[in-house]
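Taking it in order: structure first as structure tokens, then the write-up.
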């Protein structure tokens, strides 16, 4: 199985070959650590993406914690069983992970008095 993150132009930033039955979440950390984007001028290559967009297979508490620790914004939908478990715990279930950020303009508009 081959996994690779890509830019908007679909150029692979890193490639990782794994056995066919390997789970995506276990491969995501080494794959993100291989990313190197050269700078146009002088300087070290960038090693941290601004944002990671992934599907529900990557919706684990450990992977989200890893992204938060590295300061990477993530857009990952939450699995239904995780939502149900949090809902069943009631107030102790905690806050759901952020899925979509609406930008500073919309966020600021919420605080403007009428």
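Potential lengthening of the chain between residue 25 and residue 40 amounts to 2.2 nm, from the contour at 0.36 nm per residue minus the alpha-carbon distance. For the pair residue 89 and residue 17 in one chain, pulling the backbone fully straight at 0.36 nm per residue adds 22.0 nm over the alpha carbon distance.
Read the figures in this text as sums done on the coordinates, not as results from a lab. This structure is a prediction, so every number in the text was calculated from the model and none was measured.
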